[in-house]
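What follows is a short report on a single structure.
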Amino acid sequence: MNVSLTISLFSLLITGPQIPNYYRSYPTARAESSRAQKEMLIFFSSSSCDNCNSAWTAYAKDAIAVNKYISTQVANDNFDGQILYEHFDPGSVPAWVILDANGKVKERWQGGWKDAYGKGTLFVEETQLTGTPKKAEVANTPKTSTPSTSSTPSTSSTPSTSSTPSTSSTPSTSSTTSTSSTNTTTSTNSTTSTGFVIQAGYFGSETNAQKCLTDLKAKGFTQFSIKPLQQNGTTFYRVWSSSYATEKEAQVKLEQLSAAGFKGTVKSAS
C-alpha cells in the first residue's frame, strides 16, 4: 500500500508536457481512450535517444493531432516501459503506435511525427524514406568531386616538366576514367532513389518477422521478403515487398493487402 502511495505521489511531481489529452501513464490513457471512444497514441522513447525530444515536440505543436488523440509516452529503458515495448514491438525509437478505442493497433512507425499527408516531419529515417534529402546529397556529390577532378589536370602539368611527353598523357587518361566513374556513381545513386515498396511489418524479432512473411505468402503475397536493418548496434527486420515503379502501383497493391486483412505502408525504395 505504501509503495502504491509513493508511486502516486512521485507521478504527481513529474512535470509532463502541457498538451491536451495527454496522460502520464499508459493505463490512465487507455481507460480515457475507451471512455471517450477516441484513438490513442503511444510515443516510445529512451534516455539515449537524441531525436526523441524533437520528435515529440513536433507532435505537441500539431494542434489537430493533440486534440484528435489520447496520448502518452513510454520509456523503453525502465521496467514497465520495457514490458509495453516488447508487447507492441514498435522497432527503434523514437516510435509511434496508434490504437483504436478498443485497443487494437491501427498504425505504427519509427522516426518523427507525421504530418497530415503521412510524411515524417522530423527525424532522419523518415525524411530519408521520402527520398528528398538523398536526392539533394547526390546532386551535391558531383559538384564536390568536379573541383578535385579539375585539380588533377593541373597536377598533370607537372609531368610537362618531365622530359617524357607520354607520361603527361597518363594523367589525362586517369582524369577521364575518374570522371566516367563519377558519372557511373551518380547514375547508380539516382537509380536506387527511385521506386516504391510496401512495408508490411517492422520487428525487433526475426521470429515475428518470419511469422508475418509466412502469413503473407499463405494469402498469396509472394513478393515480400525480410530486409534486416542495423541501427545503433541492434538488428531490426523489415518485411518489404519487391519494388514498384510508381507510388500509384504500390498503393493499388496496398489496397489488395488491406482487403486481405494486412496492415502496410508505402515507402520509398531508397
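For region 6-55, filtered to residues that are modelled with pLDDT under 90, under 25 Å from residue 103 (Cβ atoms) and under 24 Å from the mean Cα position of the chain (by Cα), the residue that is surrounded by the fewest Cβ atoms within 10 Å (Cβ to Cβ) is 46. Number of residues in region 230-246 that are surrounded by 14 or more Cβ atoms within 10 Å (Cβ to Cβ) and not in a loop (DSSP other than H, G, I, E, B) equals 7.
Kindly check whether there is at least one residue in region 200-221 that is at pLDDT 90 or above, more than 30 Å from residue 48 (Cα to Cα) and in a strand (DSSP E or B). The answer is no, given that none of the residues of region 200-221 is at pLDDT 90 or above, more than 30 Å from residue 48 (Cα to Cα) and in a strand (DSSP E or B).
Within region 202-224, the set of residues being surrounded by 14 or more Cβ atoms within 10 Å (Cβ to Cβ), without any contact (Cβ under 8 Å) to a residue 60 or more places away in the chain and of a type outside the set (A, V, I, L, M, F, W, C) comprises 210, 211, 215, 223.
The values are calculated or read from the model by the stated rules, or taken from the named source; none is laboratory data. The model shown is predicted, which means the values in this text are computed figures rather than measured ones. Using ideal geometry, Cβ is built from the backbone for each residue, glycine included, and neighbour counts are taken over all protein chains shown.
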